Structure formats: C-alpha cells, structure tokens
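First comes the structure, then the notes that go with it.
Laboratory data are not the source of any read-out in this text; all were calculated from the coordinates shown. On a predicted model such as this, the values are computed, not experimentally measured, just so you know. A quick note on method: Cβ atoms are made from the backbone with ideal geometry, for glycine too, and the neighbour counts reach across all protein chains shown.
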Amino acid sequence: MLHSICGQSYTNWKIILIDDVSPGYESTDESHVVLRFDDFFEKDQVTCIYNKEKKWEVANVLRGVSLCEDDDIVCRIDADDYLTDLDALAIMNHVYESTGCDVAWSMHRWGLSDRNISGPLPQGCDVYRVPWCSSHLKTFRKRLLNGVPYENFLNMNNELVRRAGDQCVYLPALHNSKKSVFVPRVLYHYAIDEQGGAVYQTDDAKFQKAEADFIRSRGYVSRGEPWEAHVKS
C-alpha cells in the first residue's frame, strides 16, 4: 500500500497509518512500520498510531477521520491493497476540482481477476437500499461525516462495527453528499482470496455480511449524539 502512494504523481497527500495489533505481528518497536519508507516521506506527511489493543476497523477509521480537516479528501486503503495507477490521486483530485463533487469512487481490480463490483448510483436513490456499488477506490470530503450520529457506526450487538467498515463509514458519507461521481477507471487493487470463486464462506466473512445487512436494513440514523464525542483524536 505505502509503495503505491510513494510513487504517486500527485504529492499533496498525508497518511494516517494505524497499526491495529494484527495477530502474529505484535511489535515491541513502534518505529518498525515506517522505517523502510523514511527516504520517500516528508516527516509531516505521515502520522503513525500504534494501538496497544485491537480496535477493529470502524474505530480506527473514525480516529483517522478525526485528524483530518473538513475539506480534506479522505481515502481509506487497506494495508494489503494498493493503488494501480501512479496518477490515481491526481485523477481523483481532478474529479473533485472539475465537478465540485464531495464524494467520488472508482472501478477496482478484484484480486488478479477482471471482476469489479463498482458502478454508478441511480440518481436520487436511497444509498442504503441499492446494491453495494460504491466500492474501491472510495473517497469523500471529511465534512460529510461531521456530526453524524454515533449509532450509525454500531452493529447488531450495539458495538462499533468491526468488519463491514467500508459500508458503515461510506454509506453515511454518501447519504449526506450533495454530489457524487463514479470514475470508470481501475484505480485500486482489492486483495482478496475468493476461495475458488466463493465469497462469504468463512465465519469472519459471514459476520462481515451480517453486519453489512444490519447496517442497510437499519438505514441512516438522523438523530443522536455525534460520533466525535466518542472518538479520541
């Protein structure tokens, strides 16, 4: 992931890198993650956060979002994924500037296949009621999440969503968007083991689907305490 950002033609970016204590990769040296990339980064471009206990996806995304400015374009990338085009960030920035949109997403490459589930949203639709087509590369203006009620980020167990974070975070942004744009170019590699073409076969994947189904059936929660009151910057 980091290598694909280092080589981008667009350089006005910053990274918030969160080490979420992945099993088997616990570190006793908090500098290990970025030491190999020091030659590529300006020091003020990278913020590293090292969790002492696992927080899971949405808690980490919201913490990162809390460190962004309102007009920043937020782009979440998994550690095992990467941008497929060295102009990816330049293209997305151009889309924002030329269209005035506040949300934009692209086509992606599903593993090493030519599969892609991203596409345009129907005009004026309820984003919670249409099939998930706003997948990678997902981007949005940070201000779209300002003041979103905390309940939107909770799962069926009344806990912060753990696995379906892409929909949990992006659907509220899409709901609050005034103009969204689909970019029909492959800009993202989504690393996935399809297990012979099947998806949602493991217990972890089934839990992810259950969370996503719950989020969609609940829809957008418009009232309640803002998420910012629950997240430490």
Revision key, fill the gap. Relative contact order of the range 2-230 (C-alpha contacts under 8 Å, at least 6 apart) in percent is 25
Revision key, fill the gap. Applying the gyration tensor rule to the Cα atoms of the range 121-225 (axes a ≥ b ≥ c; rounded if a/c under 1.5, else prolate if a/b exceeds b/c, else oblate), the class is oblate
Review point. So what J values fall out for the range 108-125 if you push phi through Karplus, 6.51 cos²θ - 1.76 cosθ + 1.60 with θ = phi - 60°, rounded to Hz, Gly and Pro as x?
Key: 9, 9, 8, x, 9, 8, 9, 6, 8, 9, 7, x, x, 8, x, 4, x, 7
Exercise for review: Compute the distance in nm between two label points, each set 7 Å from the Cα along the Cα-to-Cβ direction, one at Ser222 and one at Ala205.
Suggested key: 3.8
Point to revise | Estimated translational D of the range 2-230 in µm²/s (Stokes, Kirkwood radius over Cα pairs; 4 °C; 1.567 mPa s) | key: 70
**Study point:** the chain: most fluctuating residue of Phe207, Phe153, Phe140 per GNM, C-alpha cutoff 10 Å
**Key:** Phe207
Study note, to complete from the structure: Place a point 7 Å from the Cα of Trp132 in the direction of its beta carbon; the residues of the range 146-171 whose amide N falls under 16 Å from it are 153-156, 161-171
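What shape does the range 92-143 have by the C-alpha gyration tensor, where a ≥ b ≥ c are the square roots of the eigenvalues, rounded means a/c under 1.5, and otherwise prolate means a/b greater than b/c and oblate the rest? Display every interim value, and only then the final one.
Numbers: a/c = 2.23, a/b = 1.23, b/c = 1.81.
Taking the square roots of the gyration eigenvalues as a ≥ b ≥ c, the range 92-143 is oblate.
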